[in-house]
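Colleague: Pasting in a structure now, in structure tokens, and then I'll have a few things to ask.
Read-outs throughout are calculated quantities, based only on the coordinates presented, and are distinct from any laboratory measurement. All figures in this text were calculated on a predicted structure; none of them were measured in a lab. Here the Cβ is made from the backbone with ideal geometry for all residues, glycine too, and neighbour counts use every protein chain on show.
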Amino acid sequence: MIRPPAVAGMFYADTAAELREEIRTCFLSPLGPGRLPETAANGKRALRGLMCPHAGYYYSGAAAAHAYARLAEDGAPETAILMGPNHRAIGAPIAILSRGVFRTPLGEVPIDTSTAETIEQLVPVVREDENAHIPEHSLEVQLPFLQTVAPKARIVPIVFGRVYYDSETVEVLKALGKALASLLGDPAYHRVLIASTDLMHYVPRDEAYRMDEIALQAVREVDGERLMEEVFRRDISMCGVMPTATMLFALREEGITQGEVLCHYTSGDVPGGDTRHVVGYAACAFYATK
């Protein structure tokens, strides 16, 4: 299948020239890394996971730029396994695509069929479902950044449409995390996990910072179950808690016990942002310990 862009012209520019300039602005933003990325030809390839936001680039693009700057420094992966929320809950609870391309104004990003099919075989609850992906933006907004720093990378797109916290759900996510961990660390074929999430939604800025920090502490400690417990117990409106927890479970399987928060701010911190009703954004990176 060819999956056309769903939010070009809304979340980001819909022409290649305008989009490249928009991404450049994100990297150079005072809230961003402050420099343009240079993809290392011989990077360490120690990066195993990233957490990135998925709002419009005017708001969250600077946070995403922090994450993709780290990806560039580490060296372009062959495949990025993208996981995000399915905001409309259309289709399978955990939906994957194993064939085709995602199209953006910068070109087409092919799906890594072999890796996707391996995940389907290892975790049968992950199901092929095109309908779950057609309108969803959480993965789409990652792609122009990925195309900028790793233009030859392929992707595996996975979206999570049901948000629960119970023992059965935790075990399903741990099983998926274990399967994903088995695909990391291959010196001959570098794969990176990217979990797409925004943080607290539509609360005053001070409250967002306070609640976000509770979630981010669990992320720093690579504790997927604690993240889920805190989010559900405290009613933290972190839309991508399921994909993020899955990534943390995978990283724990790899022996990674510490993550790095690269940046954290809210929509109220951008010029003209309303501080009374904000959304929180953060970028995090996780590296192999060996």
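Colleague: Sort the stretch 2-61 into rounded, prolate or oblate with this rule: let a ≥ b ≥ c be the square roots of the eigenvalues of the Cα gyration tensor; rounded if a/c is under 1.5, and if a/c is not under 1.5, prolate when a/b is larger than b/c, oblate otherwise. Walk me through the numbers on the way to the answer.
Modeller: On the way: a/c = 1.75, a/b = 1.44, b/c = 1.21.
Prolate shape, in that a/c is at least 1.5 and a/b is the bigger ratio.
Colleague: Mind checking the alpha-carbon convex hull of the stretch 206-269 and giving the volume per residue in Å³?
Modeller: Values: hull volume 4.9 nm³, N = 64.
Spread over its residues, the Cα hull of the stretch 206-269 gives 77 Å³ apiece.
Colleague: If you don't mind, another one. If you build the Cα gyration tensor of the stretch 1-100 and take the root of 5 times each eigenvalue, what three semi-axes come out, in whole angstrom, biggest first?
Modeller: Numbers: eigenvalues 115, 77, 36 Å².
In descending order, the three semi-axes are 24, 20, 13 Å.
Colleague: Right, something else. May I ask you to give the average projected area over all directions of the convex hull of the Cα atoms of the stretch 25-169, in nm² rounded to one decimal? All intermediate terms of the calculation are to be shown ahead of the outcome.
Modeller: Details: hull surface 37.3 nm².
Across all orientations, the stretch 25-169 yields a mean hull projection of 9.3 nm².
Colleague: Under 1.5 on a/c is rounded, so check that first for the chain, then, if it is not, pick prolate when a/b is larger than b/c and oblate when it is not; a ≥ b ≥ c are the square roots of the alpha carbon gyration tensor eigenvalues.
Modeller: On the way: a/c = 1.26, a/b = 1.05, b/c = 1.19.
Note, shape of the chain comes out rounded.
Colleague: Sticking with this structure for a sec: Over the stretch 21-91, calculate the relative contact order: mean separation of alpha carbon pairs under 8 Å at least 6 apart, over the residue count, as a percent.
Modeller: Working: 82 pairs, mean separation 26.4, N = 71.
Taking the mean separation of contacting Cα pairs over the length of the stretch 21-91, I get 37 percent.
Colleague: Take every Cα pair under 8 Å in the stretch 96-177 that's 6+ residues apart, average their separations, divide by the length, and report that relative contact order as a whole percent. Spell out each step's value before the answer.
Modeller: Details: 78 pairs, mean separation 31.0, N = 82.
Answer for the stretch 96-177 is 38 percent.
Colleague: What order, most packed first, do the peptides 27-36, 247-256 have when packing is the mean number of other Cβ atoms within 10 Å of each residue? Don't jump to the answer; show the numbers that get you there.
Modeller: Numbers: 27-36: 16.1, 247-256: 23.1.
The peptides rank, most packed first, as 247-256, 27-36.
Colleague: Show me the helices of the chain, taken as full DSSP H stretches, that run 15 Å or more along their long axis by Cα and average -1.0 or above in Kyte-Doolittle hydropathy.
Modeller: Working: long enough: 16-28 (18 Å, 0.06); 57-74 (25 Å, -0.26); 167-181 (21 Å, 0.57); 205-220 (21 Å, -0.78); 241-253 (18 Å, 0.85).
Once both thresholds are applied, what remains is 16-28, 57-74, 167-181, 205-220, 241-253.
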